[in-house]
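Novice: First the structure, which I've put down as structure tokens, then a few questions once you've had a look.
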Amino acid sequence: TRMSEVMAAVKEHKVEIRALQAEATSFKRNLQLHQKRLDNLEDRSRHRNLTISGFPEPDRKYAAMLRKQIIEEPIGEKLGVVVNSVERVHRIGKKSHDKAQPVIMNFFDYLNEKLKVLKNCHKLKGTPVSINHDFCQGTLAKRSKQWSRSGKFKARDHKVSLDYDKLRVNDDVYEWDEENDCLKCIRSQVQRSSDD
């Protein structure tokens, strides 16, 4: 009859729709995996860089002057770190009237000088200048989402820090779950103690 034909066609379409949904989900997962790998590669290519925000922008832009100013003022005077292995210093981003363009700084000596600068950044607290790792946009977005959700842990006096694209809460490690748009615990203190 006509009704049974319609029902059979609907069933057939449901099966096709489920197959297409499964395929779309698979494509989405593959795309997320490739994006994660791409972000990782980009971050690795930036591992010798630091970004400096809030450093005043003079009327003229001379790279040699900027290099000297950055090395002497925030890094030398305020942080007390001597750096000799700076390969390149230049401003990035679009010029804005209300805030200075960030500065990117590339080091030859990643292990000694760059890390020494980062370890002393707490001395810049209360100043308009901040110094950070140079991460790609994908990693910055993850870090921002993680940090915005870390308030509940801080409210309970937990020790909270960002480590690359992971959030550390005491001894637990969280990552950002793109699919569910939330934090996901990937290693907890309870798991480690039961594994020992």
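The values are calculated or read from the model by the stated rules, or taken from the named source; none is laboratory data. These figures come from a predicted structure and were not determined experimentally. Cβ coordinates were reconstructed from backbone atoms using ideal geometry, including for glycine residues, and neighbour counts include every protein chain displayed.
Novice: Inside the stretch 144-156, can you point out the residues that are surrounded by fewer than 17 Cβ atoms within 10 Å (Cβ to Cβ) and in contact with a Leu (Cβ under 8 Å, 6 or more places away or on another chain)?
Specialist: Residues satisfying the conditions are 147, 149.
Novice: Among the residues of the stretch 53-94, what is the count of those that are modelled with pLDDT of 90 or more, out of contact with any strand residue (DSSP E or B) (no Cβ under 7 Å at 6 or more places or on another chain) and basic (Lys, Arg)?
Specialist: Final tally of qualifying residues: 1.
Novice: Identify, from the list 100, 155, the residue that is assigned by TED's automatic domain parsing to the domain that holds residue 54 and either within 16 Å of the chain's Cα centre (by Cα) or modelled with pLDDT under 95 (or both).
Specialist: 100
Novice: Right, here's the next one. Could you look through the stretch 77-108, keep only residues that are among the acidic types (Asp, Glu) and not in a strand (DSSP E or B), and pick out the one that is nearest to residue 123 (Cα to Cα)?
Specialist: In this case the residue turns out to be 77.
Novice: Kindly indicate whether residue 141 is assigned to a loop (DSSP other than H, G, I, E, B), surrounded by 14 or more Cβ atoms within 10 Å (Cβ to Cβ) and either over 18 Å from the mean Cα position of the chain (by Cα) or not assigned by TED's automatic domain parsing to the domain that holds residue 40 (or both).
Specialist: Judged against the criteria, residue 141 is not a match.
Novice: While we're on this one: So if I check each of 26, 96, which one is surrounded by fewer than 10 Cβ atoms within 10 Å (Cβ to Cβ) and small (Gly, Ala, Ser)?
Specialist: 96
Novice: Also, quick follow-up: If residue 43 satisfies all but one of (1) more than 16 Å from the chain's Cα centre (by Cα); (2) assigned to a helix (DSSP H, G or I); (3) touching a residue at least 24 places away in the same chain (Cβ under 8 Å), what's the number of the condition it fails?
Specialist: Exception for residue 43: condition (1).
Novice: If I filter the stretch 109-138 down to residues being of a type in the set (S, T, N, Q) and in a strand (DSSP E or B), which single residue comes out as nearest to residue 42 (Cα to Cα)?
Specialist: The residue in question is 132.
Novice: Identify, from the list 74, 58, the residue that is assigned to a loop (DSSP other than H, G, I, E, B) and either without any contact (Cβ under 8 Å) to a residue 60 or more places away in the chain or of a type in the set (S, T, N, Q) (or both).
Specialist: Being assigned to a loop (DSSP other than H, G, I, E, B) and either without any contact (Cβ under 8 Å) to a residue 60 or more places away in the chain or of a type in the set (S, T, N, Q) (or both) holds for just one of 74, 58, which is 58.
Novice: Select from the stretch 9-27 the residues that are charged (D, E, K, R) and within 18 Å of residue 179 (Cα to Cα) and list them in ascending order.
Specialist: Hit for the stretch 9-27 is 23, nothing else.
Novice: Looking at (1) free of Cβ contacts under 8 Å to residues at least 60 places away in the same chain; (2) under 15 Å from residue 130 (Cβ atoms), which is the only condition residue 118 fails?
Specialist: Every listed condition holds for residue 118 apart from (1).
Novice: Among the listed residues 89, 83, identify the single one that is farther than 21 Å from residue 136 by Cα and out of contact with any His (no Cβ under 6 Å at 6 or more places or on another chain).
Specialist: 83
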